[in-house]
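Q: One structure follows; several queries about it will come next.
The values are calculated or read from the model by the stated rules, or taken from the named source; none is laboratory data. From a predicted model like this one, the values you see are computed outputs, not experimental measurements. Cβ coordinates were reconstructed from backbone atoms using ideal geometry, including for glycine residues, and neighbour counts include every protein chain displayed.
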């Protein structure tokens with residue numbers, strides 16, 4: 001009975017979400033008094049795999065077939081299930097990101113293991129096995145019991161944090177038969193923005209809304225983002241008007257993000273937008289209207305003109321660095 | 001080509017969420033029920049594909065696992081333009097159960113494309129779509145932002161962090177869709193509402209299936225502390241606070 | 001005798017061609033839908049005396065209005081003379097109405113004076129149209145065909161008046177010992193000119209009546225059809241307040257059914273189509289409006305949407321309706337379809353949604369055309385048949401359905417505003 005975590009890599013590199021997953025799984029394994037295994041799929045260098053030890057991993061199974069470098073959820077789910085069975089895992093943990101959402105449900109059906117997605121913290125109890133997750137798009141929490149013997153969890157981004165440790169990692173190649181007939185989905189083209197900070201990964205996000213009044217006024221937003229090493233985002237009316245791209249839209253039907261810091265400039269705070277940002281650790285709001293709903297969910301607020309406040313924040317941050 | 005759209009019946013976005021019976025059940029008194037927003041976008045896209053004369057889509061069916069109180073929502077889906085609605089008469093206890101019921105229906109009634117919204121706005125499980133794909137052993141694509149049919153050539157766009165992938169696949173397959181799959185959700189026209197009365201709404205008995213998880217209780221989040229206001233004249237203070245107090249910079 | 005025969009033949013041909021035009025239009029009218037009931041005849045008569053005969057709306061542009069009013073009143077008087085000419089021609093008589101004594105003198109004298117006035121005004125109208133850039137004569141719906149239509153009609157009228165004067169001048173010259181009627185202008189001309197102008201009588205008479213015959217048959221295909229249709233259009237106008245928009249009985253019934261699903265539902269009563277998409281959906285009054293429209297452009301001139309640069313032009317709506325009926329009418333009568341439609345192929349959605357229903361156009365129209373009602377009927381089609389309203393409206397509909405208000409707030413917060 002052990003715990004296995006599937007740590008995704010992107011082009012052979014792990015991200016903070018992978019490390020957070022390892023930290024969580026380690027803590028979970030400790031609570032269950034059992035051992036943990038980390039599974040990696042795709043070609044990843046040994047040095048990179050060893051990084052997992054910095055967050056508590058002591059054993060890593062790697063499936064380094066180059067065919068599997070890009071996600072094909074059926075193949076990945078097959079491997080996760082087989083790996084879980086081979087190590088006799090009771091709990092399988094993944095990150096709640098695009099790949100986790102694709103793989104975890106399949107693993108759940110394969111192993112008849114109850115699945116709870118986007119779990120917020122370590123289990124509330126073990127007998128019965130109960131975990132806590134957000135429900136009603138962030139308006140409440142639900143306690144869910146998993147009744148099956150095997151259990152699948154995906155953990156929400158930024159719910160647990162990174163716990164550093166220093167473990168020696170034993171790396172083992174996991175040999176598995178890969179059924180190529182499972183590859184029915186073919187990738188024709190891939191586009192990835194290389195130069196900007198990716199929104200779903202960013203720790204700090206600077207976001208702006210209709211309060212900026214015109215697309216020509218975005219320079220202070222981009223300047224602050226650059227100084228903070230942050231990603232830029234926007235509210236729905238802004239992306240609907242075409243002022244910013246759809247990939248920047250944060251909200252209930254846009255991206256739901258969970259950065260450490262979310263700065264909302266000229267955003268009123270409509271309920272659909274808040275649904276996309278309520279998981280942020282800290283929210284800062286800048287708006288000329290002191291009655292704006294955003295101040296109801298923000299931790300810090302400034303009533304002022306964004307065109308004035310944003311450059312001053314950028315300047316202040318620059319000064320504090322030097 | 002036939003398309004199946006999985007519909008979830010959820011409380012309207014502005015609902016004030018409350019619980020009853022010792023916080024173990026959602027209090028649905030006075031709640032306005034709507035089609036799950038992502039499922040609505042999926043249905044809109046299915047309608048667009050059917051209306052495009054260049055495709056061979058000739059039937060759109062919507063399916064829901066739930067009780068009779070969801071019939072009004074299913075009629076709305078018919079009014080938007082679906083040809084047929086099916087309700088599996090069962091309590092949607094968990095994602096595994098819901099996906100299993102839909103899979104049982106699919107085994108008797110095959111479809112070429114199955115659309116599912118990426119999550120439902122009530123329990124945010126984001127599991128049902130991919131589970132259906134696994135039950136049926138179909139290819140499934142998640143985080144889908146666009147589906148295009150050129151005759152029978154299927155092209156699907158998938159969102160990845162910071163970009164997108166363009167994929168090709170074959171029927172039957174499951175598309176788990178998110179924002180971008182359609183621009184605006186369709187609303188029913190008067191004509192659609194009148195025609196919905198005559199469209200079939202089949203109620204099917206539930207199959208025997210296990211339920212693997214159970215909701216025990218709910219909890220409202222703690223009241224967030226009041227927002228700390230900083231004078232716009234001393235905006236620089238904020239940087240200090242973020243660094244030293246909130247520790248997020 | 002020959003003259004009589006020739007005249008009767010010309011009259012027969014004219015009436016025959018005219019009957020053919022009427023038959024064609026009648027077939028188009030048969031395609032249209034019913035309109036409001038025609039009641040309140042007394043009110044209608046007094047309204048017609050005001051607006052049609054009194055030209056009250058035309059006078060809103062005082063100078064040009066006065067010129068048009070005089071031309072119109074002149075036409076009325078001269079028409080009486082034309083009727084006499086037809087009787088004369090058929091029965092081989094001369095000035096057969098002269099027995100009415102002073103009345104005849106009055107009518108003939110007015111006609112004679114009006115003829116001169118009309119020639120002057122028509123020339124002014126024509127020069128104005130060709131030299132000045134009048135904004136309301138421009139627009140996407142105003143092609144060069146519209147320009148030439150106007151100039152041709154003006155030329156006809158000018159020649160009609162010249163030929164009338166020529167006839168009168170000739171008649172006076174041929175009767176140096178006394179004649180029927182009084183002709184101030186023509187008599188003055190005869191006195192001024194020291195030539196024998198008697199030869200003008202016959203040609204003047206023939207040209208005058210033949211021009212009337214040709215003109216009458218030109219009118220159904222011209223914007224000048226308003227010569228025939230303006231008075232009836234005003235008589236049959238909608239007398240309700242301009243902004244009052246009627247409910248659809250079929251919808252009232254549908255709402256009642258929705259509130260009580262157990263109520264009996266009669267399949268046979270299903271409505272063919274909500275609103276207006278193509279010419280077979282418009283009411284006969286809409287179509288008559290489109291035939292009567294003079295393309296004067298006073299409606300578009302006062303439309304706030306048009307003034308601020310939107311695509312909407314109230315005149316274009318009716319010019320397009322007339323054009324589309326010309327296109328679809330012939331084939332629709334045979335039960336065929338050309339795959340096009342008034343909506344989208346002629347009138348775009350953008351034009352329809354730009355209307356603010358202020359009714360400035362309907363108020364301004366000298367012949368009581370009601371533009372916003374047709375625009376609203378086309379919007380009805382878009383919303384009720386296709387749910388093709390702008391996204392903001394669809395969002396509002398959804399909010400009203402789900403939250404009981406146009407905005408997306410929880411119904412539980414309805415009284416929050418009382419909390420100060």
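Q: Being part of a loop (DSSP other than H, G, I, E, B) and more than 14 Å from residue A:61 (Cα to Cα) is the filter here; which residues of the stretch A:1-36 pass it?
A: Once the filter is applied, which keeps residues that are part of a loop (DSSP other than H, G, I, E, B) and more than 14 Å from residue A:61 (Cα to Cα), the stretch A:1-36 yields A:1, A:11, A:12, A:14, A:15, A:33, A:34.
Q: Residues that are facing chain B (nearest Cβ under 7 Å): find the helices (runs of 4 or more DSSP H) completely inside the stretch A:228-302 holding 2 or more of those.
A: On the way: elements: A:236-240, A:271-277, A:294-297.
Where helices (runs of 4 or more DSSP H) fall fully within the stretch A:228-302 and carry at least 2 residues being facing chain B (nearest Cβ under 7 Å), they are A:271-277, A:294-297.
Q: Quick check on my filter: what residues within the stretch A:171-189 are free of Cβ contacts under 8 Å to residues at least 12 places away in the same chain and either over 26 Å from residue A:46 (Cα atoms) or not assigned by TED's automatic domain parsing to the domain that holds residue A:60 (or both)?
A: A:181, A:186, A:188, A:189
Q: Is one or more of the residues making up the stretch B:188-195 surrounded by fewer than 17 Cβ atoms within 10 Å (Cβ to Cβ), more than 8 Å from chain A (Cβ to nearest Cβ) and within 30 Å of residue C:273 (Cβ to Cβ)?
A: For the stretch B:188-195, residues surrounded by fewer than 17 Cβ atoms within 10 Å (Cβ to Cβ), more than 8 Å from chain A (Cβ to nearest Cβ) and within 30 Å of residue C:273 (Cβ to Cβ): present.
Q: Let me ask something additional. For the stretch A:287-296, how many residues meet the condition of being surrounded by 17 or more Cβ atoms within 10 Å (Cβ to Cβ) and touching a residue at least 60 places away in the same chain (Cβ under 8 Å)?
A: Adding up the residues that qualify gives 1.
Q: I need the full set of residues from the stretch C:38-50 which are in a loop (DSSP other than H, G, I, E, B) and over 14 Å from residue C:233 (Cα atoms), in order please.
A: Answer for the stretch C:38-50, where residues must be in a loop (DSSP other than H, G, I, E, B) and over 14 Å from residue C:233 (Cα atoms): C:39, C:40.
Q: Output the number of residues of the stretch C:399-411 satisfying the condition of being over 14 Å from residue B:11 (Cα atoms) and part of a helix (DSSP H, G or I).
A: 1
Q: Within the stretch B:198-220, which residues are more than 30 Å from residue A:282 (Cα to Cα) and within 7 Å of chain A (Cβ to nearest Cβ)?
A: The answer is B:212, B:213, B:214.
Q: Also, quick follow-up: Would you check if residue C:389 is part of a loop (DSSP other than H, G, I, E, B), closer than 16 Å to residue B:187 by Cα and more than 8 Å from chain B (Cβ to nearest Cβ)?
A: yes
Q: I need a count of the residues in the stretch C:309-337 that are within 15 Å of residue C:139 (Cα to Cα), in contact with a helix residue (DSSP H, G or I) (Cβ under 9 Å, 6 or more places away or on another chain) and not in a helix (DSSP H, G or I). It would help to see each step written out before you state the result.
A: Our first condition is that a residue be within 15 Å of residue C:139 (Cα to Cα); within the stretch C:309-337, this holds for C:309-320.
Now restrict to residues that are in contact with a helix residue (DSSP H, G or I) (Cβ under 9 Å, 6 or more places away or on another chain): C:310-320.
Okay, now just the ones that are also not in a helix (DSSP H, G or I), so C:310-313.
Total satisfying the criteria: 4.
Q: If I ask for residues that are at positive phi and touching a helix residue (DSSP H, G or I) at 6+ places or on another chain (Cβ under 6 Å), which ones from the stretch A:18-62 would you list?
A: If the condition is that a residue be at positive phi and touching a helix residue (DSSP H, G or I) at 6+ places or on another chain (Cβ under 6 Å), then A:42, A:56 are the ones that fit.
Q: Answer with yes or no whether residue A:215 is in contact with a helix residue (DSSP H, G or I) (Cβ under 7 Å, 6 or more places away or on another chain), free of Cβ contacts under 8 Å to residues at least 60 places away in the same chain and surrounded by fewer than 17 Cβ atoms within 10 Å (Cβ to Cβ).
A: Taking the combined requirement at face value, the residue does not satisfy it.
Q: Can you give me the ranges of the helices (runs of 4 or more DSSP H) entirely in the stretch A:37-133 with at least 3 residues that are away from chain B (no Cβ under 14 Å), over 23 Å from residue B:215 (Cα atoms) and modelled with pLDDT of 90 or more?
A: Output list reads A:46-51, A:73-86.
Q: Testing residue A:152 on (1) part of a loop (DSSP other than H, G, I, E, B); (2) buried (at least 18 other Cβ atoms within 10 Å of the Cβ); (3) not assigned by TED's automatic domain parsing to the domain that holds residue A:306, one condition comes back false. Which one is that?
A: Of everything listed in (1) part of a loop (DSSP other than H, G, I, E, B); (2) buried (at least 18 other Cβ atoms within 10 Å of the Cβ); (3) not assigned by TED's automatic domain parsing to the domain that holds residue A:306, residue A:152 misses just condition (1).
Q: Separate question: Is one or more of the residues making up the stretch B:237-245 surrounded by fewer than 20 Cβ atoms within 10 Å (Cβ to Cβ), within 7 Å of another protein chain (Cβ to nearest Cβ) and under 20 Å from the mean Cα position of the chain (by Cα)?
A: There is no residue in the stretch B:237-245 that is surrounded by fewer than 20 Cβ atoms within 10 Å (Cβ to Cβ), within 7 Å of another protein chain (Cβ to nearest Cβ) and under 20 Å from the mean Cα position of the chain (by Cα).
Q: Here's a check for you: in the stretch A:100-121, which residue that is touching a residue at least 12 places away in the same chain (Cβ under 8 Å) and out of contact with any strand residue (DSSP E or B) (no Cβ under 8 Å at 6 or more places or on another chain) is nearest to residue A:180 (Cα to Cα)?
A: Ranking the qualifying residues of the stretch A:100-121, first place goes to A:110.
Q: Limited to the stretch B:221-236, what total is found for residues that are part of a helix (DSSP H, G or I) and more than 7 Å from chain A (Cβ to nearest Cβ)?
A: Total satisfying the criteria: 2.
Q: Which residue pairs have Cβ atoms under 6 Å apart, sit 6 or more places apart or on different chains, and have a first residue in the stretch C:131-143 that is on the phi > 0 side of the Ramachandran plot and a second that is part of a loop (DSSP other than H, G, I, E, B) and modelled with pLDDT of 95 or more?
A: C:139/C:313
Q: List, please: which pairs have Cβ atoms under 7 Å, are six or more places apart or on different chains, and start with a residue in the stretch A:240-269 that is in contact (Cβ under 8 Å) with a residue 40 or more places away in the chain and end with one that is assigned to a strand (DSSP E or B) and surrounded by fewer than 23 Cβ atoms within 10 Å (Cβ to Cβ)?
A: Once the first residue is in contact (Cβ under 8 Å) with a residue 40 or more places away in the chain and sits in the stretch A:240-269, its partners that are assigned to a strand (DSSP E or B) and surrounded by fewer than 23 Cβ atoms within 10 Å (Cβ to Cβ) give A:248/A:232; A:259/A:204; A:260/A:204; A:260/A:282; A:261/A:204; A:261/A:282.
Q: Another question about this same structure. Taking the condition closer than 30 Å to residue C:288 by Cβ, in a helix (DSSP H, G or I) and not assigned by TED's automatic domain parsing to the domain that holds residue C:69, does residue C:232 pass? Step through it out loud before you land on a result.
A: Working: closer than 30 Å to residue C:288 by Cβ: yes; in a helix (DSSP H, G or I): yes; not assigned by TED's automatic domain parsing to the domain that holds residue C:69: yes.
Yes.
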